[in-house]
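Down below is the structure, laid out as structure tokens.
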Amino acid sequence: MTDTTPRRKLAAILAADVVGFSLKMGENEDRTLKNLKACRSITDESITTHHGRIFTTAGDSVIAEFASPVDAIVAAVEFQKSIMARNAACAEEDQMQFRVGLNLGDVIVEGDNLYGDGVNVAARIESSAEAGGIYMSAKFYEEVRRKLDLSFESLGDQHLKNISEPISTYRVNLGVEGTKAAKTQPSTASASANKEPSLLAKLFGTPLKKGISASVAVAVLGLGGYWGVQQGSKPSVNPLSIAVLPFTNLTGDPSQSYVADGLTNRVTSDLARIQDAVVTDAGRVLPYKDKTAIVQQVGNELGVRFVLQGDVQRSADKVLITAKLTDASSNKQLWSDSFEGNMSDLFSLQDKVTLRIRGSLGPQMLILAASESEKRKSIPQASELLLRARALSLKGNDIANFEQRIDLYRQALKLEPNNLDAMSLLSQSLALLGPRSPEQDLRKSRINESQSLALKVKEIDSNNRNIYMPLAIYDRENDNLFGARQNMETWLELNPNSRGISTYAYILLLNGEATKALEIVSKIQKNNTKFPSDTILGVLGRTHLVLGQTDLAIDYSLKATQVNSKVSLYWVTLAVAYALKGESNQAAAAVAELKKLNPNADGKSLNYVSKPLSASPPSYKEWYEKTYMPAYRKAGLTE
């Protein structure tokens, strides 16, 4: 007979549920329940195998108690990897993703029921976790961090619903090994698990994305090697995290700041091309520009292990770049160096900076890096124009900014007609600006020119990192939803950790995948809470609007306008959301701001991310016609 006497105990608690379960049930109950049963057999087997006790469950949720935190996390890692393997082998509509929260705390056991703060905290941590993720409290983390071959990342203090005090939270970096000898039980997540991993896999846990330049691969491989050695010492900070502070302009001429700004942007972008490297978003480091930085303070504020600093001096056609890399945890300067050359060799100098970071990994890689540099060699005037355009990209994505960048890229191409950097970046800028153009002919010509340039670059370099977004936008504008999604997924493979995820999210919305859009954009947003990107805030606002979460749509759209008030789309989302709430005065105020910004805007330029394509699902088309457009008209927006 079950003992029903309440008793207190210290226990490790595992809380898990299925992401988007209610939505799946609404789409197809029978299929969802069949898939839940299959996944629950996986989770329950792992839990019981590792000595866990499953308590009363409801729907898709699981609450389990373990005597040992080690058993709890081993079970969680095992079933998450097994579910990943299952997802890889089944159709998309049959896939399920679990999120897991772990806590160590005082609980009350009463028969088949489990109560107490220990359970509540685990459940709240679980609800904050990303799809497929495992999050835990600091108390739990302290018990397991030195006992397992796992890598952890600190997420800082989290304010969780109905929990009075903020909870310090960590997550497991699945696929990134730690340094301890103890191993979890083998997972079925990969059929190739017994194969000897490549050098990149040993450093990063996953393969490098295709299309990466040799110089950048070498640069971050060196950092990866160093991080791998140091990984066990500071598990609270991602071992592959780095912030590139704005390079300082020491020319004495403020008009020359574009050289330093362009260099900062290039180095940041190059490092961000490495899968699983956590490179701080450019917007987050801008507040440190032209300020004396205390490296350890920067490391704590941005949550990074390494900080790269530098300055630029120029005399006539000569440029001197000085850079240094510092370990923010110890304030130890790992290296410093200076690089001198001609303005025509700016890209070569940039490669030298990144190559110096990685140390020396062999003459073959050095040869490849030198070859990459030679391909990008420019004459002084063209390189200056490209740097100015790169520097402008840090300042926003409003129409005037795009027009300035486009003009600079065109000037560069007049000087160097075959410059692939200028050609691909011009294509990207035209694609992003084209749909916002108020005149139909101008809109069409910009989109068509963008595609033509992208295809020309693709013939020469199919792995160019800039061209697949323009191709995706061209497809979207020409009613090819499948092509748009496919091209954006290729673009994201070449540009991980990028704010360009917003374009992909808008395409997902058109495809009726608002929940997925919210998940991927929220993941980027979590790493940019201190210095948010207006593009990320804007797409979050639009996504919540599609999901019917009007208050959140207003909140994020307001934040987007506070960061950058010159983007029409944010005001459109805001006006529609207010109209849906019946707040006509606020809706009118948003429309007034929009008209001041863009008085000639027509319905097509205001609705280019909203209007369904022929392949959009019926549910999205119905939302657009019966919810969005009535509110759009009610707000007084131009059709």
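Summed over region 545-566, residues that are closer than 21 Å to P287 by Cβ and β-branched (V, I, T) total 2.
Yes/no matrix, rows are residues, columns are (1) part of a loop (DSSP other than H, G, I, E, B); (2) within 23 Å of G603 (Cα to Cα); (3) open to solvent by 20 Å² or more (accessible area, probe 1.4 Å):
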{"position": "L426", "(1), (2), (3)": "no, no, no"}
{"position": "L430", "(1), (2), (3)": "no, yes, no"}
{"position": "G434", "(1), (2), (3)": "no, yes, no"}
{"position": "R446", "(1), (2), (3)": "no, yes, yes"}
{"position": "S450", "(1), (2), (3)": "no, yes, no"}
{"position": "A454", "(1), (2), (3)": "no, no, no"}
{"position": "E489", "(1), (2), (3)": "no, no, yes"}
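Taking region 553-568 only, how many residues are in contact with a Ser or Thr (Cβ under 9 Å, 6 or more places away or on another chain), part of a helix (DSSP H, G or I) and of a type in the set (A, V, I, L, M, F, W, C)?
4
What about D345, is it modelled with pLDDT of 70 or more and assigned to a helix (DSSP H, G or I)? So D345 fits the description; yes. The single residue among Y608, Y578, Y620 that is open to solvent by less than 60 Å² (accessible area, probe 1.4 Å), closer than 23 Å to E477 by Cβ and assigned to a helix (DSSP H, G or I) turns out to be Y620.
When N173 is tested against the conditions (1) open to solvent by 30 Å² or more (accessible area, probe 1.4 Å); (2) at pLDDT 80 or above; (3) within 26 Å of E519 (Cα to Cα), the lone failure is (1). Residues in region 239-273 that are farther than 14 Å from L308 by Cβ, part of a loop (DSSP other than H, G, I, E, B) and either modelled with pLDDT of 75 or more or of a type outside the set (D, E, K, R) (or both): P239, L250, T251, G252, D253.
In a helix (DSSP H, G or I), hydrophobic (A, V, I, L, M, F, W, C) and over 25 Å from T268 (Cβ atoms): is that true of L540 in this structure? Judged against the criteria, L540 is not a match. Could you list all residues from region 581-600 that are open to solvent by 10 Å² or more (accessible area, probe 1.4 Å) and small (G, A, S)? Within region 581-600, G582, S584, A588, A589, A592 qualify.
Report, by residue number, each residue of region 543-572 that is crowded, with 24+ Cβ neighbours inside 10 Å, of a type outside the set (A, V, I, L, M), in contact with a Leu (Cβ under 7 Å, 6 or more places away or on another chain) and closer than 16 Å to Q525 by Cβ. The answer is T543, Y556, S557.
Residue by residue, here is whether (1) closer than 26 Å to K621 by Cβ; (2) without any contact (Cβ under 8 Å) to a residue 24 or more places away in the chain holds:
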site	(1), (2)
K444	yes, yes
N463	no, no
I467	no, no
Y474	yes, no
E493	no, no
A514	yes, no
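Across region 100-131, the number of residues qualifying as touching a helix residue (DSSP H, G or I) at 6+ places or on another chain (Cβ under 6 Å) and surrounded by 17 or more Cβ atoms within 10 Å (Cβ to Cβ) comes to 8. For L33, indicate whether it is in contact with a strand residue (DSSP E or B) (Cβ under 6 Å, 6 or more places away or on another chain) and at pLDDT 90 or above. The answer is no for L33. Does region 555-564 include one or more residues that are at pLDDT below 85 and within 23 Å of N598 (Cα to Cα)? Scanning region 555-564, I find at least one residue that is at pLDDT below 85 and within 23 Å of N598 (Cα to Cα), so the answer is yes. Could you list, in sequence order, all residues of region 581-623 that are touching a helix residue (DSSP H, G or I) at 6+ places or on another chain (Cβ under 9 Å), more than 19 Å from L547 (Cα to Cα) and in contact (Cβ under 8 Å) with a residue 60 or more places away in the chain? Result: N598, A601, D602, K604, S605, S614, A615. The set of residues from region 69-99 being open to solvent by less than 10 Å² (accessible area, probe 1.4 Å) and farther than 13 Å from L14 by Cα comprises I83, M96. Against the test of being in contact with a Lys or Arg (Cβ under 9 Å, 6 or more places away or on another chain), open to solvent by less than 50 Å² (accessible area, probe 1.4 Å) and at pLDDT 90 or above, the options L518, L510, L494 yield a single qualifying residue, L510. Residues of region 284-337 that are basic (K, R) and part of a helix (DSSP H, G or I): R284 alone.
Quick one: in region 298-314, of everything that is closer than 14 Å to T248 by Cα and polar (S, T, N, Q), which residue is surrounded by the fewest Cβ atoms within 10 Å (Cβ to Cβ)? Among residues in region 298-314 that are closer than 14 Å to T248 by Cα and polar (S, T, N, Q), the one surrounded by the fewest Cβ atoms within 10 Å (Cβ to Cβ) is Q313.
The values are calculated or read from the model by the stated rules, or taken from the named source; none is laboratory data. Computed from a predicted structure; not experimentally measured. Ideal geometry is used to build each Cβ from the backbone, glycine not excepted, and the neighbour counts take in all protein chains shown. Accessible surface areas use protein heavy atoms only, side chains included; no ligands, DNA or RNA. Shrake-Rupley method; radii C 1.70, N 1.55, O 1.52, S 1.80 Å.
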